[in-house]
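The values are calculated or read from the model by the stated rules, or taken from the named source; none is laboratory data. Quick caveat, the model's predicted, so the values are computed rather than measured. Please note: Cβ atoms are built from the backbone with ideal geometry, for glycine as well, and neighbour counts cover all protein chains shown.
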Amino acid sequence: MSSSAQDGRSSGGRLTTHVLDTASGRPGAGLRLTLSRIDGDRIERLGAFVTNADGRCEAPLLAGEALSAGEYELLFHVAEWRDGGPGFYDVIPIRFRVVDPSAHHHVPLIVSAFGYATYRGS
């Protein structure tokens, strides 16, 4: 794989995320998340990441040939991120399907202590 594919600047697809904390009105900085591929009953962990000061990961979670069609799961570890603060959720799972691995798949999480939302971003 070329270096441009490794850093997500390839013409191939990529998977990214962004966390926003609506309670504080700020990015969800320092939130740990894990990415897995789901194949029936089999779950293959692909990586662990931590969001930066902007609530994003430093590079795409997957890019180029590493992103293939199939089902994936992002686990956002929000309880440890809140560091003992009030909240209802421990881990927020988001399962999604990649049909076109050449496209950009963006999975944002908008979170507060007692609620969250997500959507297919661009």
Query raised in the report: Of the residues Ala79, Ala117, which is among the hydrophobic types (A, V, I, L, M, F, W, C) and either touching a Gly at 6+ places or on another chain (Cβ under 7 Å) or not in a strand (DSSP E or B) (or both)?
Result: Ala79
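Here is a yes/no grid of residues against (1) modelled with pLDDT of 95 or more; (2) surrounded by 12 or more Cβ atoms within 10 Å (Cβ to Cβ):
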| site | (1), (2) |
| --- | --- |
| Ser4 | no, yes |
| Leu15 | yes, yes |
| His18 | yes, yes |
| Leu33 | yes, yes |
| Ile38 | yes, yes |
| Arg42 | yes, no |
| Leu46 | yes, yes |
| Gly55 | yes, yes |
Query raised in the report: Scanning segment 81-95 for residues that are crowded, with 16+ Cβ neighbours inside 10 Å and under 13 Å from the mean Cα position of the chain (by Cα), which turns out farthest from Arg26 (Cα to Cα)?
Result: Ile94
